[in-house]
Each structure stands twice: as C-alpha cells, then as structure tokens.
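Each remark here refers to the structure printed beneath this line.
The values are calculated or read from the model by the stated rules, or taken from the named source; none is laboratory data. Since the structure is predicted, the reported quantities are computational estimates derived from the model, not experimental observations. Positions of Cβ are generated from backbone atoms using ideal geometry, with glycine treated the same way; all protein chains shown enter the neighbour counts.
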Amino acid sequence: MGLFSKKSKESDPSKCAYCRRPFQTLAGGFYFGGAGSDIGETILHMRKGCDACGKPVCFNCAADAADRRGMHGHCICPSCGANLDS
C-alpha cells in the first residue's frame, strides 16, 4: 500500500468522497412484492456531486451536512458548503 493507492482511493468518482460507499442508481420499471423494499436506501446513496469543488458526494452525506448546519430538508457539500439543491 503506497502513496498512490491511497490517493486513487480518495479520488474514485464511483464512490462518495465521505462515506466511501459506491454510488447506486434506480432501475426503471415495476417492482413486485418485496423487490422495491430497498429503494429508500438506493436513493440515499445516489450521486449528488458538487460542481463548486468537484468532490463526488452522495445524497445522504449532503443531507447530513445540511442537517448539521440547521438546514434541514436541503443538501450542501460537506467540503465547501455549496448549495446542492438545484
């Protein structure tokens, strides 16, 4: 494990820069039975991203950062504080 392996892990665009979980996407179509039970979890780990600083961030981390600043119901970048609602 050298310096380069750590750096590549930090800049992986397929994972959130804060929780390190891979981004997920919703599949279109119908969900029968319990097949759609994890939709809420999938939405929390969808890519939100920050255009201001360029860090990949998931919806869950962006919402948590906003909650910590008293902006409940909004999303902000945990790194630079940019508004991610638009």
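Scanning segment 50-86 for residues that are more than 16 Å from Cys16 (Cβ to Cβ) and in contact with a Pro (Cβ under 7 Å, 6 or more places away or on another chain) yields a total of 0. Whether a residue is buried (at least 20 other Cβ atoms within 10 Å of the Cβ), of a type outside the set (Phe, Trp, Tyr) and over 14 Å from Gln24 (Cα atoms) was assessed, and Ala62 passes this test. Where helices (runs of 4 or more DSSP H) sit wholly within the chain, those with at least 3 residues that are modelled with pLDDT of 90 or more and out of contact with any strand residue (DSSP E or B) (no Cβ under 7 Å at 6 or more places or on another chain) occupy 59-68.
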